[in-house]
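Student: Please read through the structure below; I'll follow up with questions.
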Protein chains: 4
Amino acid sequence: MTDSLRDLVRQLDQFARDRDWQQFHSPKNLASALVVEAGELLEHFQWLTEQQSREFGPEKRNAVAAELADVLLYLVQLATALGIDPVAAAQAKLKLNELKYPVDRARGNSKKYDEL
Amino acid sequence: MTDSLRDLVRQLDQFARDRDWQQFHSPKNLASALVVEAGELLEHFQWLTEQQSREFGPEKRNAVAAELADVLLYLVQLATALGIDPVAAAQAKLKLNELKYPVDRARGNSKKYDEL
Amino acid sequence: MTDSLRDLVRQLDQFARDRDWQQFHSPKNLASALVVEAGELLEHFQWLTEQQSREFGPEKRNAVAAELADVLLYLVQLATALGIDPVAAAQAKLKLNELKYPVDRARGNSKKYDEL
Amino acid sequence: MTDSLRDLVRQLDQFARDRDWQQFHSPKNLASALVVEAGELLEHFQWLTEQQSREFGPEKRNAVAAELADVLLYLVQLATALGIDPVAAAQAKLKLNELKYPVDRARGNSKKYDEL
């Protein structure tokens, strides 16, 4: 993992200990919390057109940044709880995606890999 | 942002360009994709007890790591599309959470900040 | 509740008993399953434009109908587990929405009620 | 569909017309809104144990009923927009589930059908 994500890990761990919150932080609960925050993130987009979503002003960007942050905080806590390095996992998944979506077949096409 | 997340940003950008996928990657669509992956992550936990979720074997951990990776990949793409530094945003949100959940009131308590 | 939803309730209860699945059907787990299915529903839309989503062919409609069905099945099971009549609750919520979104202020406007 | 769901359909259609909201109600957006409400529903459970979720008092039940209602309202609107009868779809899916999860193999087992 990277240094600043390691910082986040350390701070989140301390934050939860100070508040005696580890009892609530089963991986099951952390996964639920991550989904809930992802929903709050999506709420900012639900009635917008795709074009409007490409033209955010600073106020909207800040609101979305706060929700993105919440998702990342739970992602890091869940990864830590399960002994997963999220960046390494993402690197591995990207390599796998290169195989699942070869350029010649996937180019300009949004179909899922099992429909290519 | 950190170096390895910057690497991910660069690789994801190249991955999408090679496949002419930027047309599908409006922030609105990326936010939807993030939620969809978060749901796939939660699916691994939905019938488990909290205790079982604390006792994952390597096979289950790898399956969850792949889903966590998918969430992180979309989180990074969405942040990039909106000009947001997700780690900086997470750091700022953690500071805000320290104010919303003061230790003396939040200790041992899972209530939301507006119910403390 | 209505007759055919009552039928569904009865059939779902029998379905779970036959399989000794009530042990997994805590409201917490049913709520998670509902979200997971909602994500699978959204997956059919994530890369489509709004216009494409208005022009579904029969194959796509059937795929979406199956996911909608999954969401409704968990919604009914969760409502039953908590002693909630979902149609009555929906009627009540619609009345409340009429107050939260008065026509003169909400017309043509997608803002949330606390921003009107 | 059933009478009271038909009532809901009619009322929701009128509600949206009065507010000139059909422009926002592409199936893509309705599916997003459904997921967002499902997340708000799950938020009520995220830090609870399964046992606590089986022991709701009236206040919590009412809060959850309001979220369940929101999910049902969007489910009905999405079904209507796509010409889907949600109860018929649920009946059909339940029959399919009986085949995917035969009692002798699925009894007492929470595994997904492709792992049975």
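What follows draws every value from the coordinates through simple rules; no lab data is involved. This one's a predicted model, so the numbers in the text were calculated from it and none came from an experiment. Quick reminder, even Gly has a Cβ in these numbers, built from the backbone with ideal geometry, and neighbours come from all protein chains shown.
Student: Relative to the present Cα-Cα distance, how much length would full extension add between B:Lys100 and B:Asp18 at 0.36 nm per residue of separation?
Tutor: Extra length available between B:Lys100 and B:Asp18 comes to 25.1 nm.
Student: Which residue, chosen from B:Leu99, B:Pro58, B:Leu78, occupies the Cα position most advanced towards the positive end of the dipole of chain B, where the dipole is computed from +1 (Lys, Arg) and -1 (Asp, Glu) charges on Cβ about the Cα centre?
Tutor: B:Leu99
Student: Measuring from a point 7 Å out along Cα→Cβ, what nm distances, shortest first, does A:Tyr113 have to its partners in the other copies?
Tutor: Ordered by increasing distance: 2.3, 3.9, 4.4 nm.
Student: Calculate the mean, over all residues of peptide B:3-9, of how many other protein chain Cβ atoms lie within 10 angstrom of the residue's Cβ. It would help to have the intermediate numbers written out before the result.
Tutor: Details: counts 4, 10, 6, 1, 5, 4, 0.
Mean shielding by partner chains, rounded to a whole number: 4.
Student: For region D:41-54, just list the computed ³J(HN,Hα) in residue order, Karplus coefficients 6.51, -1.76 and 1.60, θ = phi - 60°, integers in Hz, with x standing in for Gly and Pro.
Tutor: So the J values, rounded to whole Hz, are 5, 5, 4, 5, 10, 4, 9, 7, 7, 4, 4, 4, 6, 8.
Student: How well do other chains shield peptide C:101-108, expressed as the mean number of their Cβ atoms within 10 Å of each residue Cβ?
Tutor: Mean number of neighbouring Cβ atoms from other chains: 3.
Student: Let me ask you something else. Here are some pairs, A:Lys111/B:Lys60; B:Lys60/D:Lys111; B:Lys28/D:Lys28; B:Lys111/D:Lys60; B:Lys28/C:Lys60; A:Lys60/B:Lys93; which of them have Cα atoms lying more than 19 Å apart in this structure?
Tutor: Exceeds cut-off: A:Lys111/B:Lys60; B:Lys28/C:Lys60.
Student: Enter the mean number of other protein chain beta carbons within 10 Å of the beta carbon of each residue in D:47-60, as an integer.
Tutor: Average per residue, whole number: 5.
Student: Collect residues whose amide H, placed 1.01 Å from N in the peptide plane, falls under 5 Å from the amide H of D:Asp20; neighbours closer than 5 in sequence don't count.
Tutor: Result for D:Asp20 returns C:Gly108.
Student: I would also like to ask the following. Where nothing but the Cβ of Lys and Arg (+1) and of Asp and Glu (-1) is charged, how large is the charge dipole of chain D around its Cα centre, in debye to the nearest 20?
Tutor: I would put it at about 420 debye.
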